[in-house]
Each structure stands twice: as C-alpha cells, then as structure tokens.
Amino acid sequence: MKKLPKTDVVVIGLGWAGAIIANELADEGLEVVGIERGPWRDTARDFNIGTVTDELRYVMREELMLRTRQNTCTMRNNPSQTALPMRTWGSFHPGNGTGGAGNHWAGITFRFQPEEFRLKSHLTERYGASAIPDELVLQDWGTSWEEMEPHYMQFERVAGTSGYAGNIQGEKRPGGNPFEGARSGDYPTPPLRQPYGPTLFAEAARNMGYQPFPVPSSLVSEAYTNPYGVTMGPCTFCGFCTNYGCANYSKASAITTILPALMRKENFTAYTNSEVLEVLTDSTGRQATGVTYIDSSGDKWEQPADLVIVAAFTFENVRLMLLSGIGKAYDPVTNQGTTGRNYAYQTANNVTLFFDNKNFNPFIGAGAVGMGIDEFNNDNFDHSGLGFFGGGSIRVTPIGSAPIGYRPLPPNTPKWGAKWKRALKDNYLSTMSIGCEASSYTTRTNYLSLDPNYKDPHGRPLLRITFDFAANDLKMAQYCTGKVADIAKSMNPREMIVKPMTGHWSSVPYQSSHVVGGFIMGSDPSTSSVNKHLQVWDVPNLFVVGASAFPQNPGYNPTGTVGALAFKAAHAIRHFYLKRPGEMISA
C-alpha cells in the first residue's frame, strides 16, 4: 500500500452531501480531497441533449446506478431468514459517480416539519406514551426546527428550488403548504407551471375542502444563478427526468450546482473510480487518521487526514462504519449497539384513474412538477383511536411517460393481441395517477448489518438489509390511500385502481430510493451514532452525513433534509470544531 501526503480533510462520496461539505471546507481554506467510487459525471458529455433521452440505457440498463458486480446488498424480511443478494436493483436505486443519486432523483424538495425532529416527544405529549404501538422504536433527532431552518434555506438557494411558501416567519399564505414550518424566506424561484393532471387534482381537492399547493421542486422554473455563481436554465418538461441526468441544467444536482465551482478551487482534489475500503483510527479508536482506498488500477492507497467526512449513500455510510469497527454493531436481540439500528424505508401507495374524455399528454412531464396536499401527512390529522401513526404526501406529479415502459391498462385487459393493443391506444392519453408517498417508522427488527455469507470483489462482507413493513405502516397505508380514493372518485373517472401498500416488503419492484437510518442522530450515545452536528460519538474528527442519520422516515422525500444536514455539519466544523477540536456536545 502506498501512503499519500497528509491532507486537512478527506471526503468520501461526491453526491449532494459530500460536495456541499467539501465546498464549504475548501472555502475555509482547508486542503480537501474528495474520493468517489464511481466515474466523473459531466452534463455536456454524459447527459447531452442528443443522447440523454435513452430509456433503454438509463432506465432498463440503469446507467447511473451502482453496478451490482461492484457492490450490492443482501436482503431478508426478518432475522430468522437467510439473506440473499440483490443481483439487479429493483426496490431502490443507489447512484454511482459524482453527483450520486442526486443525478437521477426526481427533484421533489420538501422540508420536514418541525415536530418531525422531536417525533417521539411530540406524539407522547399529544397522545400519551401508551398510544404509541409497541413495535415502534421512534426517536427524537437531538436537534430542532430552529437549528435546521437556516440550513434548509442554504440548500434551497444553492439548488434554486421552485415553489410557493405557505408560512413565512409565521405568516400563513393562501396557496402554499399550510402545514410547513415557519420559513425565513420564500423559495428562490416561483412554482413551475402546472400540467393538466395536477390542475385537475388540485381543483378536486379544493372542492373537498383541502388546501392544495405546488410541490416544491429543485427543477428551476426560470433562469437562476446560485450563490456559487452557477447558472441553471428553466425546466422544459421534456419527460426524461427521474432516472436521467438533466440536459437542460434545470434539475439541481451536485454536478449542476456545486462541482463546477468547487473544481476551480486549487485546494480541492477529486479522485474518481476509487473505492474507500476503511476509515482508519489510532490505537485508541477515538481519533480517525484517514482512509484506505483502491483505485481503478487495483492499487491500494492510504490517505491520511485530520478530518474524515463520510458522505456516501445510506447503505455505504453504514457499511463503512461496520467494516471500520466504528461504534458498536446493533443487536436486535439485546437492543444494544447503535451502528445499523433504526433502518427505515418509505411506504408507496397510489390510485390510477382511467377517463374516457380527457387528454393528459402524458409524455409531457418532469420529476417534480405537480400539486399536492398535506392534510393526511405525518401528524397533520388526529390519530386518536386510529391504531397507527404517520401519514403521506398526496400528490399528482407526472414525470413523463416512458416510451417503452408506460402502458396504462385497466383491470381485466388481455395481456396480448388486438384487444390489448386497442386498450393501450384507448387509455394512453386519458390515464393519470395520484400518489401517496408515506412514512416508514422504525422497529426493533428492521436494521442493517454485515452479511456472514456474501462478500464483494475485495473480500469484504456485503451489507445485509433486514426489513419488513411495520403493521403500523400498513394500517396507515390503508387509511391514507382510502382518502386518496375519495378524491379520485370525486373526479368521476370511468374506473380506477386503488393500490395501498400491502404484505411483505419485496426487493423486486421499484418503490422508492428513500432508504434511511442505520447511523442515526440523537442526543444519547447509547441509542444514536452521531450528535446533532453529525459528529460521531467518541471519534470527534469523524463526521457521517446523509440520510443514514434519520431516526425514522416521515412522509416526505429526503433530499432537502440531506442537503440541510450537510450544511449544518459544515457550519459546525467551520464555526465550532476548527476553533476547538473535540466533541461539540454543548455547541
């Protein structure tokens, strides 16, 4: 193994979280090295307008996803089962290369609500401790809305997020989300123009007494230059968005908003196609000393550093901590240990509506254009006597019908032949769906660990996922999807399909890439891995940043919160840690 000169900071992963922190610490004057296991991505070359509209390449063959031969996960539904490896991605899509999963995301950019950061305390105060189902292991985050809000604002200004605020400094504004926490300012760009489907849904929801609002979107609605001097162009609703990079520089990602500025800084260096193998610590285990990684030639390197920032995708954050012996591995039998605990997912539900006399032009769309309501999300409605907690974001967001994959067919349609063709023709333009992306609350037996049977090409154990939907979440899915169906009925479709999440989690059909937890935030080292600054307990010069820090998952998309946490960690390092290195418990 070759040893490189020591640097001030090494950052693992150059997606949203890694790029934000690398840029902030480079601005502090520190020498920063970023290590990315995938290739360098560039809009002009990788997402050129002439080649990016390729469903076969980006959807079927998953061009932007981690190669499973490079690294994958094993999965099982409960601890009594033997986990098996995922040989193709299905349920979720881990990204690969600079920009990470932020290249192929939809762009929906919700902030979590204030009570989500103290969920256990909030539910206990409102309903009593005995009302929380025994299966749930909910936790507070150890931070507050007031501490998070400035960093949400930072992220939205970098991303150029479009939307219409419903609450500015405590003043409610009609037309915005009435349930959002008090914001210090409006969105950087106005809402996107709405296609027909979201407009029809909003009208129906409004007629039923709900308060629809434009879904906050990091697809900019007009030309926008962010605080780093990087300019983005307005979304053109091309329909090739989710699973694709953006040819128009309209969808915010690390490669369209941060890396163009970061790469100009002489104190920043990026290594791509280089996979970190381990975070190194000194003999006490209480000081990180750097990392080891292997490059595309198979050469192994040690990169010493004063500060180590782990900012990869949720799974790799947790796996790297387990492989490096950071923290104590979680044991569901004893309920001891923190590394791997509180793994959570998302609960996907939807209602499909078939009409005879409407034309939605489904090929027009974007990952994050649409209208939503929040009346049945999180704890925005009274859960007394319902037997569950949580809820979902109900919305219509037409992402654009894929030329190969989009085949809307009503029930009882033949699977081939002339009648199949006629049904597809009759329903292609006149079908829409209402989604409900809902919460996933943590249980004692949903966790991440190292697999004892399967290894990666470097001989390291794969990450093992043990997960199944909690009974709480399945009850919530039935209730919230029923509310979606009520709205759908009021729109008078010819027929509709109602699909709440049911049964066991399957790794096969795509559901959501919103995998969270496993190295969670908190105020108690016995039940959390990082403090409110994303600083690892007992290893003060090591920070682990990303959705791995979520103690549970609310009914919102996570990326806005991941970005806010990255800015929050960078702020703490710049303003507290560098002045007085050590644990920042009281900062």
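The values are calculated or read from the model by the stated rules, or taken from the named source; none is laboratory data. This structure is a prediction, so every number in the text was calculated from the model and none was measured. Here Cβ is always computed from backbone atoms with ideal geometry, including for glycine, and neighbour counts include all displayed protein chains. Ligands, DNA and RNA are excluded from the accessible area calculation, which covers all protein heavy atoms including side chains. Shrake-Rupley method; radii C 1.70, N 1.55, O 1.52, S 1.80 Å.
What is the Cα centroid distance between segment 324-380 and segment 203-234, reported in whole angstrom?
Here the two parts' Cα centres lie 20 Å apart.
Tell me the mean residue ellipticity at 222 nm calculated for the chain from its helices only (DSSP H runs of n ≥ 4, each -39500 (n - 2.57), averaged over every residue, nearest 500).
Estimated from H runs of four or more residues: -6000 deg cm²/dmol.
Carbon and sulfur together cover what percent of the accessible area of segment 210-324 at a 1.4 Å probe radius?
46 percent
Ignoring ligands, DNA and RNA, please state the percent of accessible area on segment 376-459 from carbon and sulfur, probe 1.4 Å.
C and S fraction of accessible area: 55 percent.
Taking the Cα centre of the chain as origin and charging only Cβ (+1 Lys, Arg; -1 Asp, Glu), how large is the dipole, in debye to the nearest 20?
So the magnitude is around 1480 debye.
Taking square-rooted eigenvalues a ≥ b ≥ c of the alpha carbon gyration tensor, is segment 201-242 rounded, prolate or oblate, where a/c under 1.5 means rounded and, failing that, a/b exceeding b/c means prolate?
Cα axes put segment 201-242 in the prolate bin.
Could you give the dipole magnitude of segment 359-491 about its Cα centre, charging the beta-carbon of Lys and Arg +1 and that of Asp and Glu -1, in debye to the nearest 20?
820 debye
Lys and Arg at +1, Asp and Glu at -1: add these up for the other residues within a Cβ distance under 14 Å of G29 and post the number.
Combined, the nearby Lys, Arg, Asp and Glu give -4.
List the relative contact order of the chain as a percent without decimals, with contacts defined as Cα pairs under 8 Å and 6+ residues apart.
Value for the chain: 22 percent.
Which residues does the label zone of E146 cover in segment 509-550, counting backbone N under 20 Å from a point 7 Å along Cα→Cβ?
Residues 522-524, 532-534 fall inside that zone.
State the percentage of accessible surface on segment 36-173 attributable to carbon and sulfur atoms; use a 1.4 Å probe and exclude ligands, DNA and RNA.
48 percent
In this model, which of K358/K489; K2/K579; K6/K300; K532/K579; K358/K425 are farther than 20 Å apart at the alpha-carbon?
Violating the 20 Å Cα-Cα cut-off are K2/K579.
Using θ = phi - 60° and the Karplus form 6.51 cos²θ - 1.76 cosθ + 1.60, what ³J(HN,Hα) does each residue of segment 62-68 get, whole Hz, x for Gly and Pro?
6, 3, 8, 9, 4, 6, 5
Tell me, how many Å apart are the Cα centres for segment 236-308 and for segment 8-51?
After rounding, the separation between the Cα centres reads 5 Å.
In the chain, with Lys and Arg counted as +1 and Asp and Glu as -1 at Cβ, which of these residues, M75, N472, T231, has the Cα nearest the positive end of the dipole, that is, farthest along it?
Positive-most Cα among the choices belongs to M75.
Taking only protein heavy atoms into account and a 1.4 Å probe, give the accessible area per residue of the chain in Å².
Result: 38 Å² per residue.
List the lysines whose Cα lies under 18 Å from the Cα of K483, skipping any in the same chain that are fewer than 8 positions away.
K475, K499
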